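Student: Have a look at the structure that comes next, please.
Read-outs: derived from the displayed coordinates by stated rules, not from any lab. Remember, predicted model here, so these are calculated numbers, not experimental data. Note: ideal-geometry Cβ built from the backbone for every residue, glycine included; neighbour counts use all protein chains shown.
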Amino acid sequence: MDAGALLIEARHRAGLSRRELARRAGTSQATLGAYEQGRICPSVAVLDRVVTAAGFTLTVRLAEDDEIERGRILEDLLDLAEQYPWADPGPLTFPVLPTGLP
C-alpha cells in the first residue's frame with residue numbers, strides 16, 4: 001500500500017474529512033490532498049504524524065521478498081476480480097427428494 005492510499009484509508013476509517021484531518025495533523029488541506037493523490041510523498045515522520053492525528057499508530061517493518069511478491073499477486077488478483085461483472089443469482093434452490101426411502 002502506498003502512502004496516499006494509507007492516508008485515505010486512515011481518514012475514512014476515522015470518519016474525518018480531509019479538512020479536519022489536516023487541521024489535527026497541523027498541515028493544510030491542500031497538502032494532505034497532495035499526499036493522498038500521490039503528487040507529494042510524505043516523509044515517514046509526516047506520515048506518522050497524520051496517521052496519529054487520525055487516531056491510529058503507524059508501524060513499519062521490513063518485509064521479505066516473497067511477502068512483497070505475494071502481496072503483488074493478491075493485488076493483481078483483486079484488480080482482475082473487479083473487472084468481471086457480478087450478478088446476484090438469487091436464493092439457492094434444492095431438488096425435492098422422494099419420500100419413503102427404505
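Student: So if R0 is 30 Å, what FRET efficiency would THR31 and ALA87 give, r being the distance between their Cβ atoms, rounded to the nearest 0.05? Don't skip to the answer; put the middle values down first.
Tutor: Numbers: r = 42 Å, r/R0 = 1.41.
Taking R0 as 30 Å, the efficiency between THR31 and ALA87 is 0.10.
Student: Among the GluC sites (Glu not before Pro) within region 8-98, which fall in a DSSP loop and have no more than 10 other Cβ atoms within 10 Å of their own Cβ?
Tutor: GLU64
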